[in-house]
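Only the coordinates and a few stated rules stand behind these numbers; no lab work does. This structure is a prediction, so every number in the text was calculated from the model and none was measured. Cβ coordinates were reconstructed from backbone atoms using ideal geometry, including for glycine residues, and neighbour counts include every protein chain displayed.
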Amino acid sequence: MSITDYLETPVARIIINVALIAMLLAIGFFIVRKFRDRIDEDIPDVDEHLVNFEEMHSRGDISAPELRSISTVIEDSRPEEETEPEEPGE
């Protein structure tokens, strides 16, 4: 039995197809991971949002009460680890 005869058997075809699918999945995984890393870098943090709204206020796009309202909502949505709790006695 030569190698070409062996590669034409059902078992060899299954093994080759499974290996090809695994390689395509691995390549797809790395491509998706690369794009997701780029997307995560583009998301502004809380401070950048505040700066953007302050710029809008300085240009006159939003009023002072609107800026205060937006700032309150953004500050309330800030993750707990970023805010420093006030210690008693200070």
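Structure above, values below:
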quantity	calculated
For ILE43, ILE14, ILE62, order by how many other beta-carbon atoms lie within 10 Å, fewest first	ILE43, ILE14, ILE62
Cβ-based net charge around ALA26, under 15 Å, with every Lys or Arg adding one and every Asp or Glu removing one	+2
In Hz, Karplus ³J(HN,Hα) per residue of segment 5-10 (6.51, -1.76, 1.60; θ = phi - 60°; x = Gly, Pro)	5, 5, 5, 8, 6, x
GluC sites (Glu not before Pro) within segment 1-65, DSSP loop, no more than 11 other Cβ atoms inside 10 Å	GLU8
Förster-model FRET efficiency, 41 Å R0, ASP37 and SER2, C-beta, rounded to 0.05	0.30
